[in-house]
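Have a look at the structure below before the remarks.
The values are calculated or read from the model by the stated rules, or taken from the named source; none is laboratory data. Since we're looking at a predicted model, the values are computed, not measured. With ideal geometry, Cβ positions are generated from the backbone for all residues, glycine too; neighbour counts draw on all protein chains shown.
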Amino acid sequence: MCRSVHHHGLILLGFLAICAGCGGSMSPSGIDQNAEPDRKGHLQTGQNEEFNRVFEEWKDMLSELHRIDIQYRTGRWRDRDRLKQRYKQVVDEGKASQQRLMDAATIACAKQPDENRELASFLSGVVYLLIRNEEYEEAVRIGQMLIDNSVARSPMYNACGVAAYAVNEFDLAEQHLLAAKERNALDDVGRSCLQSIPYYKEAWEKEKAIRAAEQSAGDLPRVVLATSQGDMELELFENEAPNTVANFISLVEKGFYDGLTFHRVIHRSRAEGGCPKGDGTDGPGYSIPTECLQADHRLHFRGSLSMIAEGSLTSGSQFYLSFIPDQQRDGKNTVFGRIVRGIDVLARLQRREPRDPMWADINPHGNVVIPPADKIIQARVIRKRQHEYMPMIYRVR
């Protein structure tokens with residue numbers, strides 16, 4: 001069943017695994033020796049009551065997911081569509097419960113860290129799951145709380161450093177990654193991030209100054225991508241990439257992107273879209289020059305919007321959104337915008353790798369399951385400057 005539903009349901013199931021690893025009981029350890037357990041065996045000690053209540057609600061939801069999954073695997077084929085819809089409905093309901101659970105656990109652990117070591121272990125597992133699902137902002141918030149309250153184990157410094165790096169908090173990332181190195185807890189990802197920090201600390205200072213000037217001017221074009229996972233609002237860097245922005249806006253206004261998919265979504269890398277065929281092999285029928293070789297070209301940070309180069313110097317309609325800072329692509333792909341609202345939507349996009357034509361020829365039956373792609377339902381321009389947006393076409397195919 002899990003392979004048939006959207007990946008964001010997996011964090012709910014991952015929570016269940018964390019609880020199972022804690023012996024199936026995650027109620028906080030109260031220090032009040034006179035506290036009376038309730039009918040479910042939980043100690044009611046102030047702020048822990050909210051966690052106990054939400055935890056029971058959340059476990060009921062996970063039990064329902066488990067029942068639906070069993071029915072899907074063992075039931076009749078004609079019931080599968082109904083069960084898939086029910087599974088999705090429960091996952092959607094569970095996301096709100098999941099957030100309340102994390103908030104309640106965070107509050108209880110922050111107020112009584114020494115008395116809630118089990119909750120600290122639970123929240124540590126949550127941090128790792130959030131990082132796996134590219135929800136770095138929330139991972140930093142929870143990981144920092146654990147570190148500040150001295151209830152974090154050595155690997156948490158590495159995890160929190162990696163998450164801070166992803167959200168452009170480079171000073172904080174350096175602090176935690178160096179601490180992880182001192183504790184022999186630095187993994188390969190953390191080591192790579194630490195090596196890139198000097199480059200990005202300097203680059204981020206320049207980027208922040210540019211963004212401050214852009215915010216003050218308040219006239220850069222903006223586009224909203226309404227997707228199957230929610231809306232993302234993009235601000236376009238017309239000052240540094242005017243032709244790329246003109247191309248993007250002209251395609252949006254023609255309805256070119258409506259109904260297209262995020263055909264390739266790669267963990268700790270990018271989400272690609274804008275291919276009419278949905279496999280990364282097509283474009284608008286023409287190409288435009290790249291604008292990534294100029295001295296003032298923009299760099300890749302979390303949420304950056306960039307063009308996919310279809311050759312050494314040309315782009316078309318395909319673009320990608322960066323999950324993390326990506327130094328390797330700086331100066332090779334044109335960064336022409338960024339997400340200013342809806343970064344959480346980016347994290348929810350279905351991870352997938354489409355079959356390329358060679359793979360399809362070798363194995364036409366396709367026995368590898370590829371999840372369905374999320375879609376751009378509609379793209380629309382919500383702000384632009386008072387001039388015509390007509391791109392210079394490099395060549396017609």
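ALA271: outside the structural domain of VAL335 (by TED's automatic domain parsing) and either under 19 Å from the mean Cα position of the chain (by Cα) or surrounded by fewer than 17 Cβ atoms within 10 Å (Cβ to Cβ) (or both), yes or no?
For ALA271, the condition - outside the structural domain of VAL335 (by TED's automatic domain parsing) and either under 19 Å from the mean Cα position of the chain (by Cα) or surrounded by fewer than 17 Cβ atoms within 10 Å (Cβ to Cβ) (or both) - is not met.
For SER196, state whether it is touching an Asp or Glu at 6+ places or on another chain (Cβ under 6 Å), in contact (Cβ under 8 Å) with a residue 40 or more places away in the chain, surrounded by 14 or more Cβ atoms within 10 Å (Cβ to Cβ) and among the small types (Gly, Ala, Ser).
Here the answer is no, as SER196 does not meet what is asked.
For ASP187, all conditions in the list (1) touching a Ser or Thr at 6+ places or on another chain (Cβ under 9 Å); (2) touching a residue at least 24 places away in the same chain (Cβ under 8 Å) hold save one; what is the number of the exception?
Every condition holds for ASP187 apart from (1).
Checking VAL265 against (1) surrounded by fewer than 23 Cβ atoms within 10 Å (Cβ to Cβ); (2) of a type outside the set (Gly, Ala, Ser); (3) touching a Leu at 6+ places or on another chain (Cβ under 6 Å): exactly one of these is not met. Which one?
(1)
Where in the stretch 121-183 are there helices (runs of 4 or more DSSP H), lying wholly inside it, with at least 1 residues that are buried (at least 19 other Cβ atoms within 10 Å of the Cβ), touching a Cys at 6+ places or on another chain (Cβ under 9 Å) and of a type in the set (Ser, Thr, Tyr)?
Counting at least 1 such residues, we get 154-166.
If you check ILE210, ILE197, which single one turns out to be out of contact with any Cys (no Cβ under 9 Å at 6 or more places or on another chain) and closer than 19 Å to CYS292 by Cα?
ILE210
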